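The values are calculated or read from the model by the stated rules, or taken from the named source; none is laboratory data. Here the structure is a predicted model, which means the values were calculated and not measured. Reconstructed Cβ throughout: ideal geometry from the backbone, glycine too, with neighbour counts over all protein chains shown. The accessibility values were calculated without ligands, DNA or RNA, using every heavy atom of the protein model including side chains. Shrake-Rupley method; radii C 1.70, N 1.55, O 1.52, S 1.80 Å.
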Amino acid sequence: MAQEFDLVVIGSGPGGYVAAIRASQLGQKVAIVERENLGGICLNWGCIPTKALLKSGEKFESLSHLKDYGLSASGATFDFDAIIQRSRGVAKQLNQGVGFLMKKNKIEVIEGSAKLEKGAAAPKVVVALKAGGTRAIEAKTVMLAVGARARALPQIGLEADGDKIWAYRDALAPKKLPKTFVVIGSGAIGIEFASFYRALGAEVTVVEAVDRVMPVEDEEVSKAAQKGFEKRGIKFKLGAKVTKVSKDSKGVKVDLEVNGKADSLEAEVCISAVGITANTDGIGLEALGVELDRGHIKTDSHCQTNVKGLYAIGDCAGAPWLAHKASHEGIHAAEHIAGYKTPNVNSPIAGCTYAQPQLASVGVTEQGAKAEGREVKIGRFPFKVNGKAIAAGETEGFVKVIFDAKTGALIGAHMIGADVTEMIQGYVTAITMEATEEDIHGIVYPHPTMSEAMHEAALDAYGRVIHI
């Protein structure tokens, strides 16, 4: 069989479609295989529609604080169905945008489910077409961008049914607004849904297996986040092992073990946010001998697998499970396939949580740095003394930075507060450019901005802070 394409990308999420575009820009003939919706989970059922929901919740919640700004309004209500429809409309608009980009870049979109078989230069792609029948494709290179799905724990009854037990898809497009929720898992997904539904008045309890919320975050930020969430009425069960989830006509019961003692929670709905499972099953990887690590595809520093002509990017290739990481890997892999002498994929990746308050981080935590035996200098600056934050009424939170004491290199940054998900990129750039404390100290930050706290935190690490 003659090779039809230079590259076939399987999966059109933020890694796959971006990789396809970059490959086309580099003169490659490209096809992309998608079994459901262009844009993948992120655009249709993940990061984009959740942010639309969170913005609606944030706007509604802000109405209760109007008097703080010398304003007043009464009788504020919300239309839950309209909120959900707005979110779905945002996803649809961007889905159509990806379709336009595919046409613009002359990328053939093949609708169906792909499976790999042994081929000549690269694995052969056999697509079970949505329209019926199959299509076999041979290409010079194949790239897997098949993503991941919500993890289920059927052994304890934690398996989404779309009714009493929800995964992220169910939480994004429910038929009605339940009054009580149990959210299992306090990572970014669990906390964002907890934040949204609490903003609309639901009673929300978050269950976390370890002894603090958002355990991947710096411990200091984690503690501040819990206080911020509790201030908004979210409840927590920490150090709680879920032993069983059961359903009845009224809702769900979640049995727990907390510090060796039995406990339980009841609610109308339980949201499962206990992690993800890579979509690596049933696509022919075993027959090809593709090496896996706990279900994720093992790749080298250029996103190549151990099988000739096969690359893997994004969630299916391991942590961090973030859209921007997938896009970065997709571009890198496309350029490597085209023969570019690209550096290894080692850029720092920021993590963001769009709850109220927001969290953002990049690099090592204080605990991680000390565990590595590194001598560090740490600076902090609270928004409560930042002029712009005071004027905006957004004084919650702080900025924390971590420098290597020996070299002065910025190695970590952690933020909590209003719009920190927009501000973190400044520190991402600094770490990428191998900035030291002298570089950051010498930057002129515009006034008045909340970003001035980034400067002051860096100054604080070296005893030079001005405004505290």
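Residues of the chain: accessible area per residue at 1.4 Å, in Å²? Kindly include the intermediate steps, with their values, before the conclusion.
Numbers: 22110 Å² over 468 residues.
Result: 47 Å² of accessible area for each residue.
What is the gain in length, in nm to one decimal, between R232 and R374 on full extension, counting 0.36 nm per residue of separation less the C-alpha to C-alpha distance?
On the way: separation 142, 0.36 × 142 = 51.12 nm, distance 3.68 nm.
Contour length minus Cα-Cα distance gives 47.4 nm.
Distance between the modelled labels on S64 and T342, one decimal in nanometres: 4.6 nm (7 Å Cα→Cβ projection). Spatially, region 182-222 and region 37-102 are offset by 20 Å when compared through their Cα centroids.
With all protein chains present, how much of the accessible area of region 150-300 (probe radius 1.4 Å) comes from carbon and sulfur, to the nearest whole percent? Of the solvent-accessible surface of region 150-300, carbon and sulfur hold 47 percent.
Among L101, L71, L200, what's the order by accessible area (1.4 angstrom probe), most exposed first? Walk me through the intermediate numbers first.
Numbers: L101 55, L71 100, L200 15 Å².
Accessible-area ranking of L101, L71, L200, largest first: L71, L101, L200.
Kindly identify region 255-404 as rounded, prolate or oblate by the Cα gyration tensor criterion: order the square roots of the eigenvalues as a ≥ b ≥ c, call it rounded if a/c is under 1.5, otherwise compare a/b with b/c, prolate if a/b is larger, else oblate. Oblate shape, in that a/c is at least 1.5 and b/c is the bigger or equal ratio. In region 76-97, which residues have a backbone nitrogen under 17 Å from the label point lying 7 Å from L177's Cα in the Cα-to-Cβ direction? Answer for region 76-97: 76-88. From helices alone, the chain scores -9000 deg cm²/dmol at 222 nm; the rule is -39500 (n - 2.57) for each run of n ≥ 4 DSSP H residues, then divide by the residue total.
For the peptides 107-117, 335-345, the ranking by mean Cβ contacts within 10 Å, running from highest to lowest, is 107-117, 335-345. Put R294, R232 in order of accessible area, highest first, and with a 1.4 Å probe you get R294, R232. Taken as Cα centroids, region 346-362 and region 6-21 sit 25 Å apart, rounded to the nearest whole angstrom.
Just the number, please: carbon plus sulfur as a percent of the accessible area of region 326-468, 1.4 Å probe, no ligands or DNA/RNA counted. Before the final figure, lay out the partial values.
On the way: 3360 of 6540 Å².
C and S atoms contribute 51 percent here.
The solvent-accessible area of T134, taken with every protein chain present and a 1.4 Å probe, is close to 110 Å².
Could you sort out which of K179/K235; K51/K103; K115/K308 sit more than 18 Å apart by Cα distance in this structure? Walk me through the numbers on the way to the answer.
Working: K179/K235 14 Å; K51/K103 27 Å; K115/K308 16 Å.
Over 18 Å apart, Cα to Cα: K51/K103.
Using Cα extents along the principal axes in Å as the read-out, say which of (i) 71, 65, 44; (ii) 69, 50, 44; (iii) 70, 62, 47 was calculated from these coordinates. Only one option fits the structure, namely (iii).
Assuming R0 = 41 Å, what is the FRET efficiency of D211 and S72, from their Cβ-Cβ distance, to the nearest 0.05? Present the calculation step by step, with values, prior to reporting the outcome.
On the way: r = 42 Å, r/R0 = 1.03.
Efficiency, rounded to the nearest 0.05: 0.45.
At what distance in angstrom do the alpha carbon centres of region 374-419 and region 285-309 lie from each other? So the two Cα centres are separated by 39 Å.
Could you tell me which GluC sites (Glu not before Pro) in region 1-39 are loop residues by DSSP with no more than 16 other beta carbons within 10 angstrom of their beta carbon?
Working: sites: E4, E34, E36; in loops: E4, E36.
Counting only loop positions with at most 16 other Cβ atoms within 10 Å, the GluC sites (Glu not before Pro) in region 1-39 are E4, E36.
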